[in-house]
Every structure is written in C-alpha cells, then in structure tokens.
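Peer 1: Handing you a structure now.
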Amino acid sequence: MATHSYTSRRELEQHSFPPAVALLVPLSAIVLQALLPRPFPRLVILDLPLIVTVFFAVSRRNPVAGTLTGAAIGLLQDALTNQPIGVNGMAKSVIGYIAASIGIQVDVDTLTTRVLINFVFFLLNSFLLFLINRRLLGLTSFHIQWVHELIRAAINTAVALPIFFLLDNTKRRE
Amino acid sequence: MESFFTRFKNVLVLVAILLAQTIGLAIQVRRPVESGAPDGGKVTLIRYWAVSIVTPFERFFHGIGSTVRGGWSNYIDLRHTRQQNHDLQQQIARLRIEQAALAEDAIQGHRLQSLLDFQQHYVATTVAAQVIGTSGNDLSRVIYIDKGEADHLKTDMAVITPDGIVGKLRDVFPHTAQVLLINDQTSGAGVLLASTRIRAILRGSTTGRILINNLTPDARIKPGEQVLTSGGDQVYPRGLPVGTIDSIATDPDHQPYTLIQLHPAANLNQLEEVLVITGTQSDLPVQAKKDLAAGAATAEAQAAQKQLADQQAAEAAARSAAQIVADRLPSLHDLDQPGASATPATPGAAAAAPGGVVPHPLPTIHPDRYTQGTTPPAADLKPGAAEDKSSGSIPQSTAPPPATPEPAVPKIKKPQPPKDTEPPSTTQNPNPGTDKPNQ
C-alpha cells in the first residue's frame, strides 16, 4: 500500500483554475461592477472585484499569484475610473498577497473562516485606500466614514459567501 | 544570493509590484492637475485599453436591456397611454400660453443684449448619447456614454439633460467617452444663485454631495433658491439649471465660510440618456427664434381676442344698463293711466327687467305739505300764507306752473284732496306743524 506524505497544508489543498475561469471571472466581476450601478445605484456599495481577488488568492494559496491577480484586477478597475491608475491596484495587490499567505496557514473552506476573512479584508481595503489617497496622493479632503465602511464590509461579506460557493465548483484539484 | 531571492520571492514580488505602482502614481500626479482635467497621453492609452476591453460587454448588455425594456414599454405596457397623451396635450397647451407670455420679454431682452453688445452663448448643437456604464466605484463618479470622437465629441464639452447639467467629458475615445459627473470630488463649475445673483464655485465631494463652500454667510441666501450655471468656467453655457439649495451650514473646516449643499436638478444616480453640447453661438438658434416668433404670434392673437371680448362685454354692459334705466325710470310710467303703466306690455317684460316694474305709490293716509301734489304753484303762494295756520288747511295746487312768470296774485285756495287719492277718513291734524295724528 502506497503511503502519501505531505510536507505542508499548501501541498495538501492547492487548487488551480481553468484559464477561461481565471480570465473570465475577474473580467465578469469588473463588467458587472460597472453595469449594475446604472440601473441600481445602491449596488455601487458592492466590490465584486475584491471578492474575486480574495477568492482566487485564498484558493491558489500562492502569494505571488495572489499579488499579481490583485494587481491586475485593481489596475483594470482603476482604468475605468477617473482616479490615478494604481490606487486600487496597490490595495488589491496587498490584499491578494495577505489572503494567499493566510490561505497557506488556515483552512479557508469553512463558512466561519470565509465570513471572517471577507469582513476583515473589506475593512483592510478601505483602510489601504484611505492611506493611499491621504498619504500618497495628498488628498486632504479624503475622509473615511467607518460606520459606512462597516456596513459595506458586512454587505459584501454576505454577497461573497454565495459567490465563493459558486466558484468552488470551478476549482481544479491538482 | 540565489537562496535570498528564492526565500523571499513572494515578498520581493509584492514589493516590486507596489514600487512600480507607486512610481506610476507619482508620474501621474506630478503634472499640474486641474480638477477634472484629462490624463496624460500614456495614461489615456492605458484607460483606452481598459475601456476597449470592458465597453463591448457593456454595449452588449446595454443593448439587450434596451431591447427588452423597449419591447415591454412600447408594445406591452401601454396602460394609461391615452390618459398620458391627453395630459401631455394639456401640458403643451399650457406651455404654449406660458411661452406666449414670456416671448415678448425674451425678444425684448435679446434686443437689449444686442444693443449692449452683450456676449451670450446659446446652446446651438447637441449630440444625444446613451449611458452604457459607470466606473463601478463610489469614489469615482463617472459614467460612460456610447458616443465618442466619431461623433465629433471632444474633452471638456458640457453634458446635460433637460432637467439640468450632468457633468463634462473627461476622456473621449473613438466610440465612447467618459463623463465626469458634477458630484465627483474632482469636479467643479461656476454657478450663479438665481434670485440673489451671487456667483460661486460648485464642487463635488467624496460622499457624492454637491457643495458650495466659497461663500461667506449671507442672510439673503435661503434653502430652495435655484442655482444656475454662470458661464464663467467656459464649459457650461450660462443659465442652465444646476439644482436648488438644500441646506446651509457653517463650514467646520473653513470657519468664515458657509457650506451650502445643493440638490441636483438632474437625477445623477439614474441617467439613461444625456445631451452633449457640441456647439454654442452668440445668436439665438433658428428653432428658438421660430419658437419665440410663434410665442409672440400667440400672444398677439390672445391680445386681439381679449380686446374683442372686452369690447363685446362693454357693449353688452351698456345695453344692459340702458335697459335697466329704461325700466326703472318713473317718467316712463303714465300717471294718468296707472293700470296701463302697472301692467307690462308683454308678459315677460317684467321678468326681463332686472328691477321689475316700479310700483305705484300708495295713497297717502295723512297728507301734509310734503305730500306729492300738495305743493301749490309759486303763483298761488302768498307771502306769509304759510304762517297762517288759523285755517288749519293744507295748501294744495293741482295746476301746473305757468310757462311764463306772472305777477303773484294774493289768493287763498281751499284745500283739496289729491286727485288720485282718497280723502282721508281720519280727522286732519289741525296743526300741521306738529305732524301728529289725533288719537
């Protein structure tokens, strides 16, 4: 009987995705993010690209891949705004890196962990955007409303859970 | 060395990516940035690539949505359309009357502006565009429209709706364009308070509110006042509606100034179609001139109609007054034929006269010297006769006064009862001066 030995959790549960999924899912998130607020203005509170960034980062459990995925999604998101290109890119790069690093250490497939990491990463994203705008860009008029950010994090966490379960079906176990 | 890069590969990749983006940010914000100004060439190119990737999907989904929505609203959901059409017709009629009322003032104002060589910019040409997408970020309030350079759009062109201004074109691509909304934090516009004529600068905010924060406290500025574009920013033509003042408060960050919050005239959250102003002119557009001429013609027609109606009403009133006077004048009654005068010629004449038939006076019960027909003619009067109360009679005369004055003949006539009255059945007052009947 053959015996298997795993040196780390990363080797135990590392997932990959088909190229079509890896390309189309982030693109769909960005397109939906641009389309939905037009008929439903209140949906601008969602951040679908960040949900996708976190999902791919924690699923791949590869900090480099998470960083690059976050940077690509964030830069594409910036290009559609009137902000300088790189604001969301930097924030999502950091989040992708941290999410992938956490995914190596913690089991992120349980519901509780997913709720927790989504909520924390949305707050972290708001904090990073505040730092970049306030410190790097020098926008002194940029304020952050923490109550609003807490609500945003809660709503996005609620939206992220079904999306995570949907995207779980696209995983390709290696 | 190799082991160092292998060991810290993840962190080094993160640092490299962050460093690259930081340098990119520094390059972008190094140039003098005006609020809402377009990007540099390289950044525009990156944005163009991104927009080229995303826009086809947006057009596709927008087309599907428009088709479904159009099919539903144009072929299925036609309830109340007839009533709506009727209401709109009534609204058009009302607006035509209002247009006629304002046309003369507008023509006069335009003539005076021409005399004073006043440079006014009127909207001459516009391009209608549909909104196909947004930035998807609540920190960046921009929208994308389905028209671009191919439709002769350029940066800094004003974007409006019939309700008010929306924003301006920030980036223009071949077949699409990015519109910076007026409630974006980098947006601004020169505005004019409609009633107080105070000029101010409007700015957006991170929360999407539209603010004026360069005015000192002024008691004349009240909530509800309309705000218009001033034309001073060289983007928005003068006189376009911006919104109304929502609230006025002290600005905590800039203490001497007030923080005036506006409610935008256009619904910036749900924009479907917008108009891009592609050209202005100092003269009134042809269509506006036609509208003004039509309004002036309507006003003249209304004035003529009113004059005619007034004239007819005056004539009717004159006729009516003459009829009333004719019916009420006592001279028209023949005293000799009381029955004939009391009876109208036609049965409906009495009812037709507003005052009815003047009743014949009843016989006097206690005639005195003031009773009609009891006053003797002047020729019959004798000086001092009135003071002769010994006879206890009432002087009376039935003869009309002579046409030519004759010398007065002292003559005392016996008192006679009036011709058309019965003699009083009661005893006459022996003392007429007391005018008190005996009991």
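The values are calculated or read from the model by the stated rules, or taken from the named source; none is laboratory data. Keep in mind that what you see is a predicted model, and the values were worked out from it rather than measured. Positions of Cβ are backbone-derived with ideal geometry, glycine not excepted, and every protein chain shown enters the neighbour counts. Heads up: the accessible areas ignore ligands, DNA and RNA and are worked out on the full protein's heavy atoms, side chains in. Shrake-Rupley method; radii C 1.70, N 1.55, O 1.52, S 1.80 Å.
Peer 1: State all residues of region A:34-47 that are of a type outside the set (D, E, K, R), more than 8 Å from chain B (Cβ to nearest Cβ) and assigned to a helix (DSSP H, G or I); if no residue qualifies, say none.
Peer 2: A:Leu43
Peer 1: Of everything in region A:129-145, what is in a helix (DSSP H, G or I) and under 17 Å from A:Leu46 (Cα atoms)? Give them in sequence order. Can you show your working first?
Peer 2: Here is the first cut: in region A:129-145, the residues in a helix (DSSP H, G or I) are A:129-136.
Residue satisfying the conditions is A:Leu129 alone.
Peer 1: Kindly check whether there is at least one residue in region B:237-244 that is within 14 Å of chain A (Cβ to nearest Cβ), open to solvent by less than 30 Å² (accessible area, probe 1.4 Å), modelled with pLDDT under 90 and assigned to a loop (DSSP other than H, G, I, E, B).
Peer 2: Scanning region B:237-244 turns up no residue that is within 14 Å of chain A (Cβ to nearest Cβ), open to solvent by less than 30 Å² (accessible area, probe 1.4 Å), modelled with pLDDT under 90 and assigned to a loop (DSSP other than H, G, I, E, B).
Peer 1: Of the residues that make up region B:144-163, is at least one in contact (Cβ under 8 Å) with a residue 40 or more places away in the chain, touching an Asp or Glu at 6+ places or on another chain (Cβ under 8 Å) and under 26 Å from A:Leu48 (Cα atoms)?
Peer 2: Yes, some residue in region B:144-163 is in contact (Cβ under 8 Å) with a residue 40 or more places away in the chain, touching an Asp or Glu at 6+ places or on another chain (Cβ under 8 Å) and under 26 Å from A:Leu48 (Cα atoms).
Peer 1: Residues in region A:72-86 that are touching a Ser or Thr at 6+ places or on another chain (Cβ under 8 Å) and within 15 Å of A:Leu48 (Cα to Cα): how many? Give the steps one after another, and end with the answer.
Peer 2: Our first condition is that a residue be touching a Ser or Thr at 6+ places or on another chain (Cβ under 8 Å); within region A:72-86, this holds for A:73-74, A:80-83, A:86.
Filter again for within 15 Å of A:Leu48 (Cα to Cα), leaving A:73-74, A:80.
Looking only at that region, the number is 3.
Peer 1: Mind telling me which of the residues B:Gly190, B:Gly232 ends up being touching a strand residue (DSSP E or B) at 6+ places or on another chain (Cβ under 8 Å) and open to solvent by 50 Å² or more (accessible area, probe 1.4 Å)? Spell out the reasoning first.
Peer 2: Values: B:Gly190 fails: open to solvent by 50 Å² or more (accessible area, probe 1.4 Å).
Answer to the check: B:Gly232.
Peer 1: Looking only at residues in region B:157-182 that are in a loop (DSSP other than H, G, I, E, B) and surrounded by 24 or more Cβ atoms within 10 Å (Cβ to Cβ), which one is nearest to the other protein chains (Cβ to nearest Cβ)? Show your work before the answer.
Peer 2: Applying the first criterion (in a loop (DSSP other than H, G, I, E, B)) to region B:157-182 yields B:157, B:161-164, B:173-176, B:182.
Next, only the ones that are surrounded by 24 or more Cβ atoms within 10 Å (Cβ to Cβ) stay: B:176, B:182.
On the way: B:Thr176: 11, B:Ile182: 13 Å.
Checking each candidate, the answer is B:Thr176.
Peer 1: I'd like to know if region B:70-80 contains one or more residues that are part of a helix (DSSP H, G or I), under 44 Å from the mean Cα position of the chain (by Cα), at pLDDT 85 or above and at the interface with chain A (Cβ under 10 Å from one of its Cβ atoms).
Peer 2: no
Peer 1: Can I ask one more? Can you tell me how many residues in region A:74-97 are assigned to a helix (DSSP H, G or I), free of Cβ contacts under 8 Å to residues at least 40 places away in the same chain and not small (Gly, Ala, Ser)?
Peer 2: Number of matching residues: 3.
Peer 1: Of (1) within 25 Å of A:Ala34 (Cα to Cα); (2) surrounded by fewer than 17 Cβ atoms within 10 Å (Cβ to Cβ); (3) more than 8 Å from chain B (Cβ to nearest Cβ), A:Ile95 satisfies all except one. Which?
Peer 2: Single failed check for A:Ile95: (2).
Peer 1: Quick test for you: out of B:Ile53, B:Ile46, B:Ile17, pick the one residue that is modelled with pLDDT of 90 or more, under 27 Å from A:Val64 (Cβ atoms) and at the interface with another protein chain (Cβ under 9 Å from one of its Cβ atoms). Break it down into steps so the answer makes sense when it comes.
Peer 2: Details: B:Ile53 fails: modelled with pLDDT of 90 or more; B:Ile46 fails: modelled with pLDDT of 90 or more.
B:Ile17 is the lone residue from the list that is modelled with pLDDT of 90 or more, under 27 Å from A:Val64 (Cβ atoms) and at the interface with another protein chain (Cβ under 9 Å from one of its Cβ atoms).
Conditions tested, residue by residue: (1) within 14 Å of another protein chain (Cβ to nearest Cβ); (2) surrounded by 15 or more Cβ atoms within 10 Å (Cβ to Cβ); (3) not in a helix (DSSP H, G or I).
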residue: B:Pro252; (1), (2), (3): yes, no, yes
residue: B:Asn267; (1), (2), (3): yes, no, yes
residue: B:Leu271; (1), (2), (3): yes, yes, yes
residue: B:Thr278; (1), (2), (3): no, yes, yes
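Peer 1: Which residue, of B:Thr186, B:Thr229, B:Thr206, B:Thr196, is out of contact with any helix residue (DSSP H, G or I) (no Cβ under 6 Å at 6 or more places or on another chain) and over 24 Å from B:Ile145 (Cα atoms)?
Peer 2: Matching residue, one of B:Thr186, B:Thr229, B:Thr206, B:Thr196: B:Thr196.
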